[in-house]
DNA sequence: TACTTATTAATAATAACTACTATTAACTTT
DNA sequence: AAAGTTAATAGTAGTTATTATTAATAAGTA
């Protein structure tokens, strides 16, 4: 089986379309939002395929699963390091171009956890909800 | 109706117990975890009451609803400003005593959102999952 | 006291996933 | 290339965490 360089998944037609559409969007859609978009290209696709493959693609490192508040997972096809801002009213997520870095002094925090990394998200109100 | 100073909610017996138990815990429990704890004191309490009142208490400013990853909401009775670290394996949340501040230079980020604040969470592996 | 409103326990309903199943497609071995 | 093996899919059932509904009760007010 031909494996891709990034992760050990085969890029099926469904996966290719999901990936392409996600990469074109700047809106960080939820799985169901993306389902309706992908459906226009592959009308027979199942919503379970979209959920499953968003997980697979993010596990394989093609896309990013956006953590942070909100009860729906969102996905991001932009692999450049960047920060997100979320609207506290409608939960939409947008990119912040500036890359935020944590000062050196926070590298050695007191905890019995094994620190792997951190996550900074901004929150505010989007133009639409103002 | 006697309103409390903080928010406009009446502190019923159920709410008092939920609040007290949460304040004693350092574990940032989920609603159902807290339900089983509170049940020992009020055996007849309904899980819906716990969910409803965790929302009510956080809306009224008595407790904090922890945002960030993981599919279950978690709650924190510690109103001091502090940072959280989450275990990527078991999703448990612990406090970091140091207060993390965002450098000045990030106060004017380029975005059409109205920035209200930010949220920093660390992630890592807890002693138990190591 | 009688009335009004808030809160509760219990349970039904919902939203967002996630697992299952039969089928098909892709790859591998003969 | 045929047969065998594994992976992926569509469709759908099931699950989990949460939210809404409802009838009963408790608290506050006139």
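Each value in this text was obtained by applying a stated rule to the coordinates, not by laboratory testing. All figures in this text were calculated on a predicted structure; none of them were measured in a lab. When we count neighbours, we look across all protein chains shown, and the Cβ atoms used for this are built from the backbone with ideal geometry, even at glycine.
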Determine the relative contact order of segment A:83-129: mean sequence separation of Cα pairs under 8 Å and six or more apart, normalised by residue count, in whole percent. 56
Contact order normalised by length for chain A, with contacts defined as Cα pairs under 8 Å and 6 or more residues apart; what percent is it? 22
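From the Cα gyration tensor of the protein assembly as shown, with a ≥ b ≥ c the square roots of its eigenvalues, which class applies: rounded if a/c is under 1.5, or else prolate if a/b is larger than b/c, or else oblate? Spell out each step's value before the answer.
On the way: a/c = 1.72, a/b = 1.56, b/c = 1.10.
Because a/c hits 1.5 or more and a/b exceeds b/c, the protein assembly as shown counts as prolate.
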Tell me the angle of helix B:13-24 to the major Cα principal axis of chain B, expressed in degrees between 0 and 90 and rounded to the nearest ten. 40
Which residue fluctuates the most in chain A, going by a Gaussian network model with Cα springs under 10 Å, if the choices are A:61, A:117, A:77? A:117
Just grab the label-to-label distance for residue B:72 and residue B:40, each label 7 Å out from Cα along the Cβ direction, in nm (one decimal). 1.7
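Where a ≥ b ≥ c are the square roots of the eigenvalues of the C-alpha gyration tensor, would you call chain A rounded, which needs a/c under 1.5, or, failing that, prolate if a/b is larger than b/c, or oblate? Please report the intermediate quantities before stating the final value.
Working: a/c = 2.36, a/b = 1.37, b/c = 1.73.
It comes out oblate by the Cα gyration axes.
So for B:95, B:76, B:32, fewest C-beta neighbours within 10 Å to most, what's the order?
Details: B:95 16, B:76 22, B:32 12.
Sorted ascending by nearby Cβ count, the order is B:32, B:95, B:76.
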Residue-normalised 222 nm signal for chain B, counting each DSSP H run of n ≥ 4 as -39,500 (n - 2.57), nearest 500 deg cm²/dmol, is -8000 deg cm²/dmol
What gaps in nm, shortest first, separate residue B:88 from its twins in the other copies when you place the label 7 Å past Cα toward the beta carbon? 2.9
PRE reach from residue B:47 (point 7 Å along Cα→Cβ): which of segment B:73-87 fall under 17 Å by backbone N? B:73-75
Please order A:35, A:51 by the number of other Cβ within 10 Å, starting at the fewest. A:51, A:35
Taking a point 7 Å out from Cα toward Cβ as the label site, list the nm distances between residue B:65 and the same residue in every other copy, smallest first. 2.2
Which whole number gives the average, over all residues in B:87-94, of C-beta atoms from other chains lying within 10 Å of the residue C-beta? 1
Residue among B:115, B:88, B:64 with the largest mean-square fluctuation in a Gaussian network model of chain B, springs linking Cα atoms under 10 Å: B:115
With axes computed from alpha carbons, what is the tilt in degrees of helix B:47-59 against the longest principal axis of chain B, rounded to the nearest 10 within 0 to 90? 50
Label position 7 Å from Cα toward Cβ: report the copy-to-copy distances for residue A:25 in nm, one decimal, ordered from shortest. 3.5
For a quick check: sort B:74, B:94 by the number of other beta carbons within 10 angstrom, fewest at the front. B:94, B:74
